[in-house]
1. Which residues' amide hydrogens lie under 5 Å from the amide hydrogen of VAL146, considering only partners 5 or more residues apart or on another chain, with H built in the peptide plane?
2. Please list 245-253, 3-11 highest first by mean number of surrounding beta-carbon atoms within 10 Å per residue.
3. Pairs LYS275/LYS320; LYS3/LYS320; LYS320/LYS367; LYS83/LYS161; LYS344/LYS367; LYS320/LYS383: which exceed 20 Å Cα-Cα?
4. Per residue, how big is the convex hull around the C-alpha atoms of the stretch 267-405? Give it to me in cubic angstrom, could you?
5. With each label point set 7 Å from Cα along the Cα-Cβ vector, what nm distance links GLN38 and GLU328?
6. Enumerate the calculated ³J(HN,Hα) couplings along the stretch 306-322 in order (Karplus 6.51 cos²θ - 1.76 cosθ + 1.60, θ = phi - 60°), each rounded to whole Hz, writing x wherever the residue is Gly or Pro.
7. For labels at SER104 and ALA13 in the simple 7 Å Cα→Cβ model, what's the distance in nm?
8. Want the number for PHE299 to HIS374: 0.36 nm per residue separation, take away the alpha-carbon distance, what's left?
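Just so it is clear, none of the values below were taken in a lab; they were calculated from the coordinates. Everything numeric here is computed off the predicted structure, so don't read it as measured data. Methodologically, a virtual Cβ is constructed for each residue, glycine included, from the backbone with ideal geometry; neighbour enumeration extends over all protein chains shown.
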Amino acid sequence: FSKRVGGLKRMRAAGVANLTLDGWAPDVQLQLISKAVQQMVETESACLHEDILPALAQHGVRIVSYDELDSAQKERLKAYYLKEVYPILTPLAVDPGHPFPFISHLSLSLAVLLRDTSSGDVQFARVKVPQTRPRWVPIDFPLHFVPLEQIITANLDSLFKGMEVVAVYPFRVTRNADIARNEEEADDLLEMINEELRERRFAPVVRLEVDASIPPEWLALLQGQLHLDNTDTYPIRGLMRRVDLFALADINLPHLKYKPWTPFTPPKFSGLSSKARPSEIFSVIRQGDLLVHHPYQSFQSSTQLFIESAARDPQVLAIKQTLYRTSEQSAVIAALIQAAERGKQVAALVEVKARSDEAKNIEWARKLEDAGCHVTYGLVGLKTHCKVSLAIRQEEDGLRAYYHIG
């Protein structure tokens, strides 16, 4: 959304009137997207609150509303709030002396309406729900959780002394991730991507998701301050920032999960492992090309084993690798670093323009450079998406190249 809609908004702002192949100008596309996404959001809300959460409740997993708790449970959660949450919070009021605060990308915020008990004036404030605290706070009943934002809402009087909390409405914003770049004129591709990442934090807002019950006058305030209109606004019924629900999938209830798939080792690689002699996998590959199908066939016992064996084999002189996306604990990165530390020539093309993974890839690239690898940060004007591994090995009849193409 932040890329596609952000790109269309940037085209509209620049006055681009060129039609797409479908004959739709940016304005028309944005209206059609808004209409389609509104329907998707309504369907998603209905699915979550009418199907998924009730079904989970039948198996003992419940997201409990704060209002359902008894007084003892509320006191325990208040103690948790004061100790673990309150010190982190920073309430930001909006008045002539305090402009509308910066709202970070995809963060969950609370729009708080306050009334001065002495003057009766109504004021707007924003409280950011901290992402450093668990979103689903457990209570004393097993597998029962209360949303963090509801705990904060119930204890807002601790933040706004002398003010009456009139109403609270959760909301979040999506910022434009489609930043203009000119790779041809950039002196340093890595610095250009770094600068783009810094700019994204403060890029224009392209979407507002807000609690569906917010009154029109306060919705208009948010829209005005964020420079949005109704086509950019998506009323949300129920819980927001639903990506946090993935945490519930970590609960140890195997009968509610798909049976895990165990990839099988390609027959020609059976018997090989990271503990075997590294030369063995090259003997197998010399017998003929092999086709592996991930994730049904094991990546670990085929492609990963190939790279790890190349890193360990003293006869491998050089390894060359393209990297587009990697896992948090990448065995491929670890093998490349190990190979460089053993004196092999290691070259890696790290695609720093991999969408949404730019910062992570820059970090990996620097770790590879620190280990002595030769790193290229992609190609100007192109995005390298292919997965290629190349190992150059010294053999009796000279140098031989072994490679994986994915």
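1. VAL64, VAL137, ILE139
2. 3-11, 245-253
3. Working: LYS275/LYS320 23 Å; LYS3/LYS320 31 Å; LYS320/LYS367 16 Å; LYS83/LYS161 18 Å; LYS344/LYS367 16 Å; LYS320/LYS383 17 Å.
From LYS275/LYS320; LYS3/LYS320; LYS320/LYS367; LYS83/LYS161; LYS344/LYS367; LYS320/LYS383, over 20 Å: LYS275/LYS320; LYS3/LYS320.
4. On the way: hull volume 16.7 nm³, N = 139.
Output value, Cα hull per residue: 120 Å³.
5. Here the answer is 3.9 nm between the modelled labels.
6. 4, 5, 5, 5, 5, 5, 8, 6, x, 7, 7, 9, 8, 10, 10, 8, 9
7. For the pair SER104/ALA13, the computed spacing is 2.2 nm.
8. Taking PHE299 through HIS374 to full extension adds about 24.5 nm, to one decimal.
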